[in-house]
Every structure is written in structure tokens, then in C-alpha cells.
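S.K.: Sharing a structure with you now.
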Amino acid sequence: MPETGNDPIESRLGDVPLVIHGIGPLSPDDARQFAALFAVEDRSVIEQCIERSGRNPLFLEQLLRSRAEGGVGELPGSIQTLIASQLDRLAEADKRAAQAAAVLGKSFDLEALRFVIDSQDYDCAHLIAQRFVRYEGARLAFYHALVQEGVLASLLRRDRRALHSAAARWFAGRDAILHARHLDFSEDPDAARAYLEAARVEVSSYRFTTAEDLLTRGLALGPRGEAAFALQLLKGEVLTALGRNDDGAGAYRAAAELSEDPAARCRAWLGAAYALRIVEKHDEGLELLNRAQTLAAGNDGLESERAQIHFVRGTFHFHRMDSTQCESDQRMAHELAKKSGNREMEAWALTGLVRSTYLTGQFARAATLTREYLDLCKRYDLEHVKYAQIHMMGFTLHLEARIDEAMECFRASREHAPRVGAPRQAVIGAMGGAAALVDAGRLPEAAEFARAAIDLSQRVGERLFGLCARALLIRAEDLESQPELAERELRSGWDRLDDASHRFVGWWFLGGLMLATDDASCRRWAAEQASTMASAHTYGLGRLYFLNDAIAASLRAGETSPAVDFADQLEALHQGEMMPLAALHVRAARAAASSDKPALVAIHEDAHRAGLLPFAAIVEALIEKA
């Protein structure tokens, strides 16, 4: 074999003078120069051969010759013959061990090999001496991947299946993926179900890409009945977690067609509806949700499914900005979840109730509910729910004028929400971080958060919060340095919004426009658009951000009367207890209107202490004029 090291031949030569030249792997550049000698023009094929050969000159030459002669990637006969001849020189027990080792993979544990060959005292000494394998730490490994391939190719199909079957028994309960793969290679009918179990393990650890590969292979084996349904259902969940919501909905639909069980079909329609809601296919999603509700209503013991149906329906109402129906459905979801003892669904329903308060302006209640949901997540170790919705705590802390703490939550959302299968929520977290950083005057950071939100929104199909981030990016990049450009871009962005987007996203464009323009008529126009939106169903949280901006813009322009009017609207929006960020703006408007310099000084100190530097600068200018 083409490796250096202790050799039985050397020991037989005794003291005879001997010089050994070991040929190690070529350098990457030398390997490419060597490859240039062969008639292989495709650079990708050359790189594949270099990688596969491990830059071993003998193996590289044979691989390149094979491809130059029209081979399509199979192991060249020259290498196969070389390995076969070495294998045939082994004693039968060693040959059998080498073949079993090849079935286990490029590297393997001695304990696993002993199990597969049913020989508890086998030590691989002869395979090591003949340079088939060597120790790499505590594990054994083939000297070269092509050696393993060659040994594997020497096996008859019957023998290979038997060895894979033995390997599957070894990995059962030890490694779910290897258990499934060896069952697959042994052509065992239980392989599809093993892939399902392996995928479930991966999902539990948030390894969704690996889970998708396992599920795809499991379905390719053509399972029937419950196994086919379960594989397809989990594939819908995984694709949705990866942000591929249309594909996820398709997988859920396929699952529904694979089962006659009403409860199973209910879960499939419910999953499809949730995926379609994310990509704003509301009519189609609600139609599937109605199917799920019909199935759930006719079956006892489906309280958890009914809770999920109300939760998902509530999210549809949220995007339609129907606060009454949104709250009603989320309350029902919360009650059913508690009744069924489903703590995870209970936590989700609490986040749904938070959304309903965002519509109506009950921000103090939103803060209470947000802390309640986080408490529940901590108590029952619901990490995935926590990080999927941690942006809500970010918004709460922002409204409490606690910028640094808010940013901890928004950063956690960006980092962890995709990991736990909630990439859409990471868009919201990144957008929320951009909003907080704009308020803090930390514009380069704000721009980075906004760009991250836009990029992720395009990948997962989250249009609305991506548009919010676009408005914030314009503010972060151009508002201070190029206000006229920012004004044009914000107005253009507003003009491109459709009616539904106006009511949800428009607040960020109008707020930015108020701050960008020096034209009083433009500010009046923006205020008129905001008044029109406020008279319809709208997004209360977005309106709060607008009113804060409108007060700041009016005060900067010396227009105290509009500032007081916006302050009155802000107080009315809160429906009770004011949040500190809004209260700061209301206090400033009223203090400016009455030229109350001591009050302005106190407000300036509070704004500076909270890290709201742009607003502190506006108040400082008011103090100088008072």
C-alpha cells in the first residue's frame, strides 16, 4: 500500500543497508500541475479527483486516467485490482474484518467491528501491519478513502447486506442516523421508519437541514400507511422551520392525502394553513383551517388541536388587523391549551394575546403578557418558544426606554430564532433591533440590523416586516447625511405600498418622512395620511412609533401645536398606563408648549440616561430656546 511506516519487509532485511523514500501527499499546487498532464479539461472534475485521491500521486494518476478514458466516477479497475490483490493476501478472518470495517465507514470503533464480525477478541493487528487501517486517536480509520471503497467493492451484495444488517443492530439506540442508513443499505423494510425516528432526533436538536435529508430519503423508499404520513407531516414541519413555507404547505397537503384518520388529517391541514399564513396566502390558508376545524369539532380529545386552530386563526386576524377577532381566538386558544395541559401551546397563545394588544394599543398589558410567556417558557424549559418570540420582550423593553436590554433580546432573536425553526421571527427581531438603534442614534448598527432583516425576509417570504426594515434602513443610512434623498426614498416607498401594507407598514415610512423633511406641508400631508389610517383597523404598535417620530419632528421644527396634538393621540392610543418611551415624548411636547424649562431639563436628562441621543438633542435645542 502506498504509505510509509513500519513494514514487515524491512524487518526481514535485518541489517542490510536500506534507504526508503516515502511518498506523501502532493501539495495542492503540485497536484494541480500533475493533473495538467492528463486530458481532463473540466476543472471541477480535476478538483474532485484531487480531493478524492487525498493528493496521493498513485491514486490521483489512476483517477485522472479513468476520467480521461471516459469513466464517470466509478473506482478505476487499476485501483480496484491493487486493493483486491492486497485483500486476497489476508487470512480469511482478517479479510472478513476488513470488509466489515469498510461497511462501517472510513473510520470506526473497534468495539463496533467486533460486534459486526461477532469476535470479541479481534484486535486489527494484521490490518494495521498491512496498512489497511491505522489508529486515529481512539478510533481506527482506513489509510485512504479509496482503500475503503475498494474493500467495499469486493463484497457480494448478499454479504454486504448481512454486514449492514449487523451494523444496524449495533447502532440501534446508539446513533439514530447510522442505524437508519445501515438498515437502508441492508434493504430492510423498517428503514423508512428508522429515517423518521432519526429525523425526529435531529428536529429535537434543531438540525433541520439534516432532518430534511433524512425525511427525503425515507420517503424515497416508498413507505405506505402511517409511516408515509408521519414522514410527510414531519417534512412539512421541517420545511416551514427552514423558512420554505410554500414547500412546507405542499408537504402538509401531501400528508393529508396519505391518511384517513381525522385527527391526523386535522394536524396536516393545520400545518399547511400556518405555513400559508406566513406567505400571506390568507384565503387559501383560512380554507384549510376551516377543514381542520371541521375535523377537530367532530372528535373528542383534540383540545390541543383546537387550541392550535384558534391560535393560527388569531394570527390571520392579526394580519387583517381585526383586533376583536384576534383577541377572541387567542383567548380561546389559551383556555383550550390550559384545559388540555399543553404548556407549549399555552405559551404560544400568550404570544398571540400579546399580538392582539399590539393592535389595540394596550402596551402595558402586552408587557405583562410577554413576561408571563417568558416565565412559562423558563418553568417548562420551552427554549424554542422562548427564542421564537423573544423579539416581543425586545419591543417591550424598547417601549420602556431600556435600549441596551432591548438589544439583548433583538440580538438573541437574530441568533437563535432561525436555529429553533423560526426564521420569520428573526426578521421581526432584526427589524425591531433596527428601530431601537435608530432611536438611540446608533446608525451604522441600525443599518446592519435593517439589512439583515431585509435579506432574511426575502429568503423566508416575510414581506411586511421586510418593508418596515426598508424604511428603517433609509433612515439609518440617509436621514442625517442626505435628508432630501431620504425624503424622496421614503415617499417613493410609501407610494409603492398596497392598501393592506399601508395600514401595517406605512407608519414607518410616514414617521421617517416627518423627520426627513423640512417642508411643513409635507409633514401635514404625512399627518393626514396617518389620521386616515388611524380611522380604520390598523397596527397600534406601528402607530405608536409614528407618533413618537411625529412629536420629535414637530418639536425639531418648532411646531408645538402639532406636537401637542400628536401627544394627545399618543395618550389616547395607550388606553391607560403610558409606556416610558411614549411618556417621554408626551412630556416633551407639553413642556415645550408651555415653555417649561425645568421640565425640559429633566426630560433631557431622562432621554440622555435612556440612550435616546437624537431625541435628547432635540430637547436640548428646546432648552436653549426656552
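The values are calculated or read from the model by the stated rules, or taken from the named source; none is laboratory data. The structure presented is a predicted model; accordingly, all values stated were derived computationally and were not measured. We place every Cβ from the backbone using ideal geometry, glycine too, and count neighbours over all the protein chains shown. Surface accessibility is based on the protein's heavy atoms, side chains included, excluding ligands, DNA and RNA. Shrake-Rupley method; radii C 1.70, N 1.55, O 1.52, S 1.80 Å.
S.K.: Please go through (1) open to solvent by 40 Å² or more (accessible area, probe 1.4 Å); (2) modelled with pLDDT of 55 or more; (3) closer than 29 Å to Asp123 by Cα for Ile9 and return the number of the only condition it doesn't satisfy.
M.R.: The one condition Ile9 does not meet is (2).
S.K.: Taking interchain pairs and intrachain pairs at least six residues apart, which have beta carbon atoms under 7 angstrom, with the first residue in segment 542-559 and among the polar types (S, T, N, Q) and the second open to solvent by 10 Å² or more (accessible area, probe 1.4 Å)?
M.R.: Final answer for the pair search is Asn548/His585; Ser554/Pro562; Ser554/Phe566.
S.K.: What are the residues in segment 296-322 that are closer than 22 Å to Val279 by Cα and either in a loop (DSSP other than H, G, I, E, B) or open to solvent by 30 Å² or more (accessible area, probe 1.4 Å) (or both), if any?
M.R.: Gln308, His310, Arg313, His317, Arg320, Met321, Asp322
S.K.: Count, please, the residues in segment 588-603 that happen to be surrounded by fewer than 20 Cβ atoms within 10 Å (Cβ to Cβ) and in a helix (DSSP H, G or I).
M.R.: The qualifying residues number 7.
S.K.: So the check is Cβ under 6 Å with 6+ separation or different chains; which pairs have a first residue in segment 305-327 that's without any contact (Cβ under 8 Å) to a residue 24 or more places away in the chain and a second one that's of a type outside the set (S, T, N, Q) and open to solvent by 10 Å² or more (accessible area, probe 1.4 Å)?
M.R.: Close Cβ pairs (under 6 Å, with a partner that is of a type outside the set (S, T, N, Q) and open to solvent by 10 Å² or more (accessible area, probe 1.4 Å)) amount to Gln325/His317.
S.K.: May I ask you to list the residues in segment 485-499 that are in contact with a helix residue (DSSP H, G or I) (Cβ under 8 Å, 6 or more places away or on another chain) and either open to solvent by 10 Å² or more (accessible area, probe 1.4 Å) or not in a helix (DSSP H, G or I) (or both)?
M.R.: Looking only at segment 485-499, we keep the residues that are in contact with a helix residue (DSSP H, G or I) (Cβ under 8 Å, 6 or more places away or on another chain), and these are 485-487, 489-491, 493-494, 497.
Correct list: Leu485, Glu487, Glu489, Arg491, Trp494, Leu497.
S.K.: Here is a further query. Scan segment 129-148 residue by residue and report those that are surrounded by 19 or more Cβ atoms within 10 Å (Cβ to Cβ) and of a type in the set (D, E, K, R).
M.R.: Residue satisfying the conditions is Arg131 alone.
S.K.: Restricting the search to segment 416-441, which residues are among the basic types (Lys, Arg) and surrounded by fewer than 20 Cβ atoms within 10 Å (Cβ to Cβ)? Spell out how you get there, then give the answer.
M.R.: First pass over segment 416-441, keeping only residues among the basic types (Lys, Arg): 419, 424.
Correct list: Arg419 only.
S.K.: Return a yes/no flag: does segment 438-453 have any residue that is part of a helix (DSSP H, G or I), modelled with pLDDT of 95 or more and closer than 16 Å to Ile278 by Cα. Step through it out loud before you land on a result.
M.R.: Of all residues in segment 438-453, those part of a helix (DSSP H, G or I) come to 438-440, 443-453.
After this cut, where a residue has to be modelled with pLDDT of 95 or more as well, the list is 438-440, 443-453.
Now drop any that are not closer than 16 Å to Ile278 by Cα, which leaves 453.
The answer is yes, given that some residue of segment 438-453 is part of a helix (DSSP H, G or I), modelled with pLDDT of 95 or more and closer than 16 Å to Ile278 by Cα.
S.K.: Could you say which residue among Arg470, Arg459 is modelled with pLDDT under 95, open to solvent by 10 Å² or more (accessible area, probe 1.4 Å) and either outside any helix (DSSP H, G or I) or out of contact with any Cys (no Cβ under 9 Å at 6 or more places or on another chain) (or both)? Walk me through how you get there before you give the answer.
M.R.: Values: Arg470 fails: modelled with pLDDT under 95.
Being modelled with pLDDT under 95, open to solvent by 10 Å² or more (accessible area, probe 1.4 Å) and either outside any helix (DSSP H, G or I) or out of contact with any Cys (no Cβ under 9 Å at 6 or more places or on another chain) (or both) holds for just one of Arg470, Arg459, which is Arg459.
S.K.: I'd like to know if segment 105-117 contains one or more residues that are aromatic (Phe, Trp, Tyr), open to solvent by 70 Å² or more (accessible area, probe 1.4 Å) and closer than 20 Å to Arg181 by Cα.
M.R.: yes
S.K.: Go through segment 216-230 and give me each residue that's open to solvent by 40 Å² or more (accessible area, probe 1.4 Å) and either part of a loop (DSSP other than H, G, I, E, B) or among the charged types (D, E, K, R) (or both).
M.R.: Correct list: Arg217, Leu221, Gly222, Arg224, Glu226.
S.K.: Can you say whether Glu284 is of a type in the set (Asp, Glu), surrounded by fewer than 23 Cβ atoms within 10 Å (Cβ to Cβ) and part of a helix (DSSP H, G or I), as far as the supplied structure shows?
M.R.: Yes: the conditions hold for Glu284.
S.K.: Any residue in segment 514-535 that is out of contact with any Lys or Arg (no Cβ under 7 Å at 6 or more places or on another chain) and over 25 Å from Ala589 (Cβ atoms)?
M.R.: No, that holds for no residue.
S.K.: Also, I was wondering about something else. Would you call His164 of a type outside the set (Ser, Thr, Tyr) and buried (at least 20 other Cβ atoms within 10 Å of the Cβ)?
M.R.: Yes; evaluated as a whole, the condition is true for this residue.
S.K.: Here is a further query. Return a yes/no flag: does segment 194-208 have any residue that is touching a residue at least 40 places away in the same chain (Cβ under 8 Å), crowded, with 16+ Cβ neighbours inside 10 Å and of a type in the set (Phe, Trp, Tyr).
M.R.: There is at least one residue in segment 194-208 that is touching a residue at least 40 places away in the same chain (Cβ under 8 Å), crowded, with 16+ Cβ neighbours inside 10 Å and of a type in the set (Phe, Trp, Tyr).
S.K.: Are any residues in segment 118-128 part of a helix (DSSP H, G or I) and open to solvent by 10 Å² or more (accessible area, probe 1.4 Å), and if so, which ones?
M.R.: Result: Ala125, His126, Ile128.
S.K.: To continue, here is another question. Kindly list, by first and then second residue, each pair from a residue in segment 336-355 that is farther than 17 Å from Thr370 by Cα to a residue that is modelled with pLDDT under 95 and open to solvent by 10 Å² or more (accessible area, probe 1.4 Å), limited to pairs with Cβ atoms under 6 Å and residues at least 6 apart or on different chains.
M.R.: Leu336/Glu303; Leu336/Arg306; Lys339/Glu303; Ser340/Glu303; Ser340/Ser304; Asn342/Ser304
S.K.: Give me the residue from segment 239-257 that is in a loop (DSSP other than H, G, I, E, B) and over 15 Å from Glu226 (Cα atoms) and, out of that set, most open to solvent (accessible area, probe 1.4 Å).
M.R.: Among residues in segment 239-257 that are in a loop (DSSP other than H, G, I, E, B) and over 15 Å from Glu226 (Cα atoms), the one most open to solvent (accessible area, probe 1.4 Å) is Arg244.
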